[in-house]
Amino acid sequence: MDEDLINCALEYAQTKKIEYAEVKGQSQTADRIVLRNGNLEAYVTAVDSGFCVRIMANGGIGFASTNKWSKSEAKQLVDLAFKLAKAANRKEKLSFAKKKAVKTKWTVDQKRKIENIPSEDRVEALTEVDKTLASCNVKIPATISQCSIDLITKYFVNSEGSRIRSFVPKIGAYFFITVAEQGKTEQAYEQFGYSGGWEAFNEWKIAEKMVHNAKVLKDVITRAKRLAPGTTDLICGSEVAGIAAHESCGHPMEADRILGREMSQAGRSFIYKGGPYWTGTRIGSNVVTVVDDPTIEHSYGYYLYDDEGVKARRRLLYKDGVINEFLHNRESAAKLGTRSNGSSRSINYDREAIVRMANTFVLPGKLSEEELIEDVKHGVYMKSFTEWNIDDKRFNQRYVGREAYLIERGELKQPVARPVIETTTEKFWTAVDAVSKEVKFDAATCGKGDPSQGVPVYTGGPCLRLRGVFVK
Amino acid sequence: MTEMLSKTEEIVKKAKSLGADEVIAKTTLGKYRQVRFSNNQVDITVAWNDYVTDVILAWKKRLVATQMHNFTNVDTSLRQLLRLAKVSEESPTFGGFAKGSFPYAKSKADKKLEDLENPTDYVFEAIEAAKKEIGSGIDSGGILFTKFENVYLASSEGPTGIDARSAIELSIRAFSEREASGHGVACSSTLRDFKPSDAGTKAGEIAKLARSPKIGEEGAYDVIFDPLIFGSIVSIWAGMISAYSIMTQMSVFVDKLGKKVAPEIVILKDNPAVYSMSNRVFDDEGVPTRENVFIDQGILKTYLHNTSTAKIFKTKTTGNAGLIAPGSWSVEMDAGGVSKETLFKEMKRGLYLTNTWYTRFQNYAKGDFSTIPRDGIFLVEKGEIKQSLKDLRISDNALTMLGNIAGISKERQQVHWWGEADPPSLSPYVLMKNVHMTKSK
């Protein structure tokens with residue numbers, strides 16, 4: 001990466017009548033292996049390298065990016081970003097919350113460097129999963145799998161004096177299966193992700209998990225019974241707890257959404273100034289504390305400094321069941337009179353950094369998973385989910401169980417076919433009366449932004465016990 | 001123009017000389033602009049200048065691809081790609097790239113969109129139009145997006161071509177109250193046919209009608225879908241009509257060729273025509289694009305193919321090759337015989353839905369899914385809007401819904417927004433019977 005060119009672009013921007021300027025260079029080596037039914041379908045590899053200029057002038061913001069690394073291009077880019085910023089012609093001028101300049105470098109270690117793992121080894125590792133699935137005594141007519149590698153180098157400079165270099169290697173995998181039994185089909189997928197090296201691949205135990213999923217889907221077709229709709233207790237496995245934390249806590253707590261900046265795409269939030277919910281309002285029971293934490297080492301959503309150069313830290317979103325702290329970038333923080341908590345992320349040099357989650361989960365409680373179940377007379381254990389969604393104010397959500405069981409007198413009984421919880425954010429979190437002590441994370445890709453920016457995150461968490469909720 | 005094509009051809013020749021069996025290179029010089037706005041003001045204006053050459057090559061049926069961002073390291077990149085091919089495994093489904101040389105239609109891309117540096121005024125035009133409907137209490141947000149791409153394609157198997165592709169889109173969501181909103185879009189391939197105020201007016205009209213919504217009731221309803229939300233529903237079927245979706249069991253159309261999947265009034269096509277935001281004269285193999293009727297009078301006629309999937313299905317490519325898999329470019333539903341007014345007039349009791357988001361499936365092969373209507377949701381009785389509703393969800397089946405189409409309007413609109421109504425489509429107002437709605441409990 002040509003750091004001199006980035007510095008030159010910043011220097012040139014500073015000759016103009018600006019309130020703020022930043023230049024970010026990013027080089028991303030991406031490698032994708034795609035298999036269908038255990039056969040290599042495609043191998044895609046590329047290096048994308050470019051830089052962007054973001055300028056605030058006259059209270060407006062202009063952003064321009066290019067993948068042409070030349071001084072003349074850099075100069076044109078600065079001129080364009082400056083012109084676009086001024087053209088915004090805003091009545092309410094924008095500003096950024098204050099922060100100190102940072103000069104640092106941060107990286108993520110790899111025990112086994114992924115760039116040194118031959119591609120044929122990676123293909124073989126995925127093929128092995130298909131071979132294991134082929135001998136698991138379940139009819140699987142179709143599989144799709146993918147292994148991804150991203151080596152991300154960034155250099156960030158701004159007009160306040162920050163100079164931040166970083167290197168993050170990320171590895172991901174995805175496995176999708178279709179199970180067919182008795183003329184019916186069921187489908188499931190798992191995503192895996194890690195910031196670090198190839199050492200993660202074996203730890204994921206993909207084959208074991210997918211064989212388990214295949215057997216679960218077979219059971220759903222051959223043994224599971226539909227649930228009689230009604231009010232019951234519900235144990236949410238870590239996967240379900242994780243998606244609920246992400247969708248109905250993490251997203252509505254994004255300050256840009258609260259302020260309306262995402263209103264026409266990802267939507268707004270049930271939390272808004274002057275509305276029934278704001279910081280200090282109870283939204284769940286006192287056993288519910290949901291955090292977002294980018295600093296979990298080797299997590300899929302890991303970073304130490306965000307894409308505005310703000311140091312990352314754990315954010316307590318819902319604390320003891322009460323709305324506590326929003327996710328902020330510098331723009332939203334300035335609007336709400338606070339400081340950024342380091343939640344600004346972009347997926348590449350050609351995307352503006354916006355407010356994002358990193359790793360969102362419920363903090364663990366004191367009971368074991370077994371103890372949660374033991375205290376349920378009649379209920380459902382929804383261990384994992386398939387279809388899910390939530391409305392754009394993040395209040396009405398639906399999770400459909402993939403692996404689920406009936407609970408009778410504290411014991412797991414027969415599988416349940418596709419149980420559904422469709423409820424509000426407040427009802428969901430208020431119904432939680434206990435949280436298990438073991439935390440399990442799941443990798444996911446969170447979508448937001450226009451153009452869409454899928455960022456790597458962890459969901460997951462402990463198991464939750466909900467009392468008296470409607471399940472159908 | 002021809003210099004870029006020559007450089008692209010050089011990549012193909014170089015790859016062949018290094019040992020590749022078949023090679024395609026496609027260079028795209030893209031100029032994109034976007035204005036994002038919220039709270040009636042511009043938040044950020046973004047400009048991307050992007051250069052990329054997509055290269056896909058086959059060596060003994062091993063398929064590998066890369067992206068190059070300049071012409072300086074072509075040799076190194078190609079050698080690396082071939083090395084990867086040689087350690088890869090054979091792709092059992094690769095049937096070669098398209099062969100021959102083809103005449104292409106002349107691109108009619110709008111050069112004015114290439115020169116449009118600051119399109120902010122269009123945003124204010126749309127906001128003002130919405131404001132006329134709602135009044136000064138309006139809160140609106142959205143995007144204006146412009147695209148101009150010069151595309152150069154060269155293939156070792158014969159096809160060589162130059163294309164230019166242009167598009168402009170304005171998407172506006174306007175709020176008249178905190179929970180009363182409407183969404184309008186204006187989509188075009190040319191500046192001449194771009195009407196941002198129409199999008200603003202539509203968003204404003206819906207937002208005005210949507211005031212004071214009540215929580216809706218669960219049940220099965222007759223539903224009139226606005227072109228915008230129908231664009232989202234159509235995009236489900238468009239994704240499932242790709243031969244790759246069939247091969248991966250990601251479709252309700254598996255084993256349905258030649259069978260009735262919809263009523264006779266339904267004619268669905270893929271057509272990246274001149275007017276479409278996805279206009280193009282050739283696909284990623286250099287095959288001329290064309291109109292493909294995939295559902296004709298309710299009968300499933302074809303899947304969408306590239307050369308490889310066509311061989312597997314013993315047919316010919318439909319000109320829908322993407323770099324790896326075939327896909328839909330732009331969908332059209334044929335206009336029906338009744339007016340929008342007649343559709344509404346004949347509805348005794350049902351819903352009018354205007355937009356949706358967050359569509360997720362339990363099972364793509366079976367088709368069970370849900371999606372969450374947003375913006376205006378209306379109860380219609382005896383042809384008139386009686387009540388604005390909120391907090392309802394469509395929980396239904398993709399194949400069943402296709403079969404339940406009961407009326408199609410004469411009026412159609414090109415719609416596209418975000419990832420929710422994508423690819424773009426030419427969508428009418430559509431009446432569907434027995435659509436299942438659920439809500440939170």
Next on the checklist: Output the 0 to 90 degree angle, nearest 10, between the alpha-carbon long axis of helix A:119-134 and the longest principal axis computed from the alpha carbons of chain A.
Outcome noted: 20
Item to check | DSSP-assigned coil residues among trypsin sites (Lys or Arg not before Pro) in segment A:11-46, each with at most 13 further Cβ atoms within 10 Å | outcome: A:Lys17
Checklist entry - Between A:Leu336 and A:Lys225, what is the label-to-label distance in nm when each label sits 7 Å out along the Cα-to-Cβ direction? => result 4.7
Item to check | 0 to 90° range, to nearest 10: angle between helix A:206-222 axis and chain A longest Cα axis | outcome: 50
Item to check | Peptide B:33-39, shielding by other chains (average Cβ, 10 Å cutoff) | outcome: 6
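Given the DSSP H assignment, sum -39500 (n - 2.57) over each helix run of at least 4 residues in chain A and divide by its residue total; what's the result at 222 nm in deg cm²/dmol, nearest 500? Let's see the in-between values first.
Numbers: 10 runs with 97 residues, N = 472.
Roughly -6000 deg cm²/dmol at 222 nm, from the helical runs in chain A.
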Item to check | DSSP-defined antiparallel bridges as percent of all bridges, segment A:230-471, nearest 5 | outcome: 85
Next on the checklist: So for each of B:314-320, A:293-299, B:21-27 I average, over its residues, the number of other beta carbons within 10 Å; can you give me the resulting order with the highest mean first?
Outcome noted: B:21-27, B:314-320, A:293-299
Next on the checklist: Pairs of alpha-carbon atoms within less than 8 angstrom and 6+ residues apart define the contacts here; what relative contact order does segment A:3-222 have, in percent?
Outcome noted: 22
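Can you tally the lysine pairs in segment B:154-273 where the Cα-Cα distance is under 27 Å and the two residues are eight or more apart, or on different chains?
Numbers: B:Lys195/B:Lys208; B:Lys195/B:Lys269; B:Lys202/B:Lys214; B:Lys202/B:Lys269; B:Lys256/B:Lys269; B:Lys259/B:Lys269; B:Lys260/B:Lys269.
For segment B:154-273, qualifying lysine pairs total 7.
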Item to check | Net charge over other residues, Cβ less than 12 angstrom from the Cβ of B:Tyr275 (K, R count +1; D, E count -1) | outcome: 0
Checklist entry - When only alpha-carbon atoms count, how far does chain A stretch along each of its three principal axes, as whole angstroms with the largest first? => result 72, 57, 35
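Quick one: net charge around B:Arg79, please, counting Lys, Arg +1 and Asp, Glu -1 for every other residue with C-beta under 11 Å from its C-beta. The partial results should precede the final answer.
On the way: positive: B:Lys14, B:Arg83, B:Lys86; negative: B:Asp75.
Neighbourhood net charge equals +2.
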Item to check | Crossing angle, helix B:227-240 versus chain B [Cα axis fit, 0-90 degrees, rounded to tens] | outcome: 40
Checklist entry - Taking the Cα-to-Cβ direction at A:Ile296 and at A:Asp109 and moving 7 Å from each Cα, how far apart do the two end points lie in nm? => result 2.0
Item to check | Cα-based equivalent ellipsoid of segment B:194-340: semi-axis lengths in Å, sorted from largest, via gyration tensor | outcome: 32, 20, 14
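Where in segment B:259-320 are there GluC sites (Glu not before Pro) that are in a DSSP coil and have at most 16 other Cβ atoms within 10 angstrom of their Cβ? Walk me through the intermediate numbers first.
Details: sites: B:Glu264, B:Glu285, B:Glu291; in loops: B:Glu264, B:Glu285, B:Glu291.
Here the sparse-neighbourhood loop sites are B:Glu264, B:Glu291.
Among the DSSP beta bridges whose two residues both lie in the protein assembly as shown, what percent are antiparallel, rounded to the nearest 5? Walk me through the intermediate numbers first.
On the way: 223 of 255 bridges.
Roughly 85 percent of the DSSP beta bridges within the protein assembly as shown come out antiparallel.
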Next on the checklist: Can you compute the equivalent ellipsoid semi-axes for segment B:326-441, i.e. the square root of 5 times each eigenvalue of the Cα gyration tensor, sorted largest first and rounded to whole Å?
Outcome noted: 22, 20, 14
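Let me confirm one metric for peptide A:256-267, namely the mean number of other chain beta-carbon atoms within 10 Å of its residues' beta-carbons. Walk me through the numbers before you get to the answer.
Details: counts 2, 0, 0, 3, 9, 7, 4, 11, 18, 12, 3, 7.
Rounded to a whole number, the mean comes out at 6.
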Item to check | Sequence-distant lysines (8 or more away, or on other chains) whose Cα lies within less than 28 Å of A:Lys366 | outcome: A:Lys205, A:Lys209, A:Lys319, A:Lys377, A:Lys383, A:Lys413, A:Lys427, A:Lys437, A:Lys440
Checklist entry - Tally Lys and Arg at +1 and Asp and Glu at -1 over the other residues with C-beta under 13 Å from the C-beta of B:Phe253: what net charge comes out? => result +4
Item to check | Computed over segment A:3-222, Cα set: Rg, Dmax in Å | outcome: 23.8, 72
Item to check | Number of partner chain Cβ atoms within 10 Å, mean per residue of B:143-151 | outcome: 1
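Could you tell me whether the protein assembly as shown comes out rounded, prolate or oblate from its Cα gyration tensor? Rule is a ≥ b ≥ c as square roots of the eigenvalues, rounded for a/c under 1.5, then prolate if a/b exceeds b/c, otherwise oblate. Working shown, then result.
Working: a/c = 1.13, a/b = 1.10, b/c = 1.03.
Rounded shape, in that the Cα axes give a/c under 1.5.
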Checklist entry - Listed highest first by mean packing, meaning other Cβ atoms within 10 Å per residue, what order do B:255-261, A:263-269 come in? => result A:263-269, B:255-261
Checklist entry - What fraction of the DSSP beta bridges in chain A is antiparallel, stated in percent and rounded to the nearest 5? => result 90
Item to check | At most 14 other Cβ within 10 Å, DSSP loop - trypsin sites (Lys or Arg not before Pro), segment B:318-352 | outcome: B:Lys348
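Laboratory data are not the source of any read-out in this text; all were calculated from the coordinates shown. From a predicted model like this one, the values you see are computed outputs, not experimental measurements. No Cβ is skipped: glycine too gets one built from the backbone with ideal geometry, and neighbour counts run over all protein chains shown.
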